[in-house]
Amino acid sequence: LLKPANVHTEPQRPPEGGTLAGYLRWMRPSVLEISKEPGLTLLTRLDYATSGAVPAALSREGFAFLKRERERGGIVKTYVCLVSGLLEREMSLAYRLDPSGGEKVRVRTDRKEEDPLYWTDVRPLRDLGDRTLVQATISKGKRHQIRAHLAAAGFPIVGDRRYGTVPAEGPGKDRLMLHAAEVRFERPSS
């Protein structure tokens, strides 16, 4: 599915409508037989302000298989984002994240995350002067992982109200410049 920016992936409160999970339930009512959870058979979540690809399983077998793949880091997500500053080289951001409590994730720049499934690999795509178009790839993501890692590295995502600044005009004025461009995983049937 393609989630627009400023839409919740799943309900935050029981009667909430207009979510991606609600759209899935409307398009494919059979997913209710697979999972009664608020996120139904959605296999990844995106922040409210993030747009992009979210895979959903449409069968019990596919859901069971893809849940196992997700837990082992077999669902790889690639994002495209616009960051402040000039990112000149590829890097792996391995700062330890503490997502518990508060609106912001605490980033421990003094500690390395031991599990590489929680690292963020970034690659510059295009130099735009004082900004850089960047590709970021993660396997097993934590809440705000890409946003927090890039901000801690000195490259906050343009339009990020939580970890950066919002420009008065231009890109990022009205939305977070982060898009889930691709999700790769093994096809359950093969």
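The values are calculated or read from the model by the stated rules, or taken from the named source; none is laboratory data. This is a predicted model, so every value here is computed, not measured. Note: ideal-geometry Cβ built from the backbone for every residue, glycine included; neighbour counts use all protein chains shown. Surface areas here come from the heavy atoms of the whole protein model, side chains and all, with no ligands, DNA or RNA. Shrake-Rupley method; radii C 1.70, N 1.55, O 1.52, S 1.80 Å.
Annotations
- L93 sits with roughly 10 Å² accessible to a 1.4 Å probe, with DNA, RNA and ligands left out of the calculation.
- The distance separating the Cα centre of the range 35-83 from that of the range 124-190 comes to 17 Å.
- Per-pair calculated FRET efficiency, R0 = 35 Å: E69 and M91 via Cβ, rounded to 0.05: 0.85
- In percent, rounded to a whole number, the relative contact order of the range 61-138 is 37, using alpha-carbon pairs under 8 Å and six or more apart.
- Size descriptor, Kirkwood hydrodynamic radius, that averages inverse alpha-carbon separations across the chain, Å: 17.4
- The loop-placed GluC sites (Glu not before Pro) in the range 98-190, going by DSSP, that have at most 13 neighbouring Cβ atoms within 10 Å of their Cβ come out as E103, E114, E169, E186.
- Average accessible surface for the chain: 55 Å² per residue, computed with a 1.4 Å probe over protein heavy atoms with every protein chain in place.
- The range 109-190 pair-distance distribution - Cα-Cα, 5 Å bins, rounded %: 3, 13, 22, 24, 17, 11, 6, 3, 2, 0
- Residues whose placed amide H lies under 5 Å from that of G73, excluding near-sequence neighbours: none
- Taking the C-alpha atoms only, the angle from helix 60-71 to the longest principal axis of the chain is near 30 degrees.
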